[in-house]
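Report on the following structure.
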Amino acid sequence: MAKYSIKTFGCQANIADSNSISGVLEALGYEELILPKFDTETEEFSFILNNADLFIVNTCSVRQKSEDKVYGMGKVIKMVKDETGKKPFMVLAGCMVGSVTGERQRWEFEKLHKKTPWVDLFINPHQIFELPVILQKQGVLNEAALAKFDPKNVNAKLDSPLHAFVNISYGCDNFCTYCVVPYARGKEISRGEEEILKEIKHRIGQGVKQITLCGQNVNSWGLGTTEKFEIRSGSDQKLPFADLLRKIHDIPELEKISFLSSNPFDFTQDLVDAVSLPKISNYIHIAIQSGNNEVLKRMNRRHTVEDFVAIVEKLKKVKPDLEIGTDIIVGFPGETREQFMDTVELFKKVYFAVAYIAMYSPRKGTPAEKFFTDDVSRDEKKYRHAYLTKFWKGLKKK
Ligand code: SF4
């Protein structure tokens, strides 16, 4: 049996996509290459390159570091090829490819192609279910294997026997100024309710008891493009997503429901009420990004610090043991030391069980890269990162 391996960089959306790719490949008769434990990523890559027939690298574009790791793979590929003469069929998938293809192209495909000459095939996040046809056209798959392929037999891989990620929407229309997602994953598209419920029931049939609903902004699931921008944080407006949560909650076999990502700009009372349901997870991740309203404005976040704090207070009222997680960017263009200290102040007000703190780095083709100067020095960013991390960890110990 031909062996495949997938290396996944980035967020839960990519993990969910990689699980779907596994499902497609296994329905085509591929078998996953079992990886032993490795001390370094280079060792892992060489093992895969030596033993897999098909190697898919599912990329992330959020940070330059993950893109650089992908470019760096070229050296290992050359080394293995020089030593053994072998190279699996290499597929580059995910956000790096999404960023150079599709209607919201952030930079040129040719540039990516030049930097990754070892890639045999590029697929963007919307092409996962087209993979069988594409592989056949590339000569990797024969006509007979393609003819046997039935999308109904695709079972996305499970991360654990009891838990499954279920994508409810793809893409994003929010255009936060630092973010690559609206380009890399394209226009926000919600999956239909029936399709989502069907997938969840199918997963339950496989023994799943816990699910995580995934989307770049799950709150706006099921809303039209104009409607979603009319939703105001903390308002009484009804959200289709809150209704979806209630329907999923009614499925008796399910024990726990989580969701991500959720943002503060459209977290209404309706959603707060849905969170109070007993099977909804006691952990919610809501990205705030900064504790200063001026910085939030420059980030094109449609919420204030006060909106965020009010949501947290409401959530704590309906679910007192709820834990909150968040994402923070320090050193965004124009962020002064005082504005950064507002983020520290926010950490005093709201206790975060989880905080992903990142130093800003400009991403090519985003509004922040095009229109703002990356004027906070690397040393200052490092200082703010270390300061906030130490402060937050100090709070955790208390
Ligand atoms: S909501 Fe903002 S940060 Fe989140 S994916 Fe969309 S553009 Fe990026």
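FYI, it's all coordinate maths here, none of it is from the lab. Here the structure is a predicted model, which is why all the values come from computation and not from measurement. When we count neighbours, we look across all protein chains shown, and the Cβ atoms used for this are built from the backbone with ideal geometry, even at glycine.
Between ASP53 and GLU380, what's the calculated FRET efficiency when r is the beta-carbon distance and R0 is 41 Å? Round to 0.05. The computed FRET efficiency comes out at 0.30.
Exposure proxy ranking for ARG246, ARG301, based on other Cβ atoms within 10 angstrom of each Cβ and starting from the fewest, stands as ARG246, ARG301. The alpha carbon centroids of region 223-300 and region 351-380 are separated by 25 Å. Under Stokes-Einstein, with the Kirkwood radius over Cα pairs as Rh, the value for region 222-309 at 20 °C and 1.002 mPa s is 153 µm²/s. Cross-linked pairs LYS297/LYS393; LYS201/LYS279; LYS279/LYS349: Cα-Cα separations exceed 18 Å for LYS297/LYS393; LYS279/LYS349. With the convex hull of its Cα atoms as the shape, region 163-397 has an orientation-averaged projected area of 12.8 nm². Each Cα pair under 8 Å and six or more residues apart adds its separation to the average, and for the chain the resulting relative contact order is 13 percent. Need one word for the chain: rounded, prolate or oblate. Basis is the Cα gyration tensor (sqrt eigenvalues a ≥ b ≥ c); a/c below 1.5 gives rounded, then a/b vs b/c decides. Oblate, because a/c is 1.5 or more while a/b does not exceed b/c. Where a Cα-Cα gap under 18 Å defines reach, which lysines qualify for LYS69, not counting those fewer than 8 residues away within the same chain? Counting by Cα, and skipping residues close in sequence, LYS69 has these lysines nearby: LYS7, LYS78, LYS111, LYS114, LYS115, LYS364.
Listed values for region 194-202 are Karplus-derived 3J(HN,Hα) couplings in whole Hz (6.51 cos²θ - 1.76 cosθ + 1.60, θ = phi - 60°), namely 4, 5, 5, 4, 5, 5, 5, 5, 4, and x replaces Gly and Pro. Averaged over residues, the count of other Cβ atoms within 10 Å places the peptides 211-217, 198-204 in the sequence 211-217, 198-204, highest first. Each principal axis of the Cα cloud of region 3-153 was evaluated for its coordinate range; sorted largest first, these ranges are 39, 39, 27 Å. Within the chain, antiparallel bridges make up roughly 5 percent of the DSSP beta bridges whose residues both belong there. Judged by the mean number of other Cβ atoms found within 10 Å, the most tightly packed of the peptides 376-385, 184-193, 13-22 leads the ranking 13-22, 184-193, 376-385. Whole-Hz Karplus values for region 167-176 come out as 6, 10, 8, 10, x, 7, 10, 7, 6, 4 Hz, taken residue by residue from phi with 6.51 cos²θ - 1.76 cosθ + 1.60 and θ = phi - 60°; glycine and proline positions read x. Take 116-127, 72-83 and order them by the average number of nearby Cβ atoms within 10 Å per residue, most first; the result is 116-127, 72-83.
Remark: region 109-118, residue by residue, has Karplus-estimated 3J(HN,Hα) of 4, 4, 5, 5, 4, 5, 7, 10, x, 7 Hz, where x stands for each Gly or Pro and the curve is 6.51 cos²θ - 1.76 cosθ + 1.60 at θ = phi - 60°. Between GLN138 and LYS201, what FRET efficiency comes out of the Förster formula 1/(1 + (r/R0)^6) with R0 = 35 Å and r the beta carbon distance, rounded to 0.05? Rounded to the nearest 0.05, the efficiency is 0.50.
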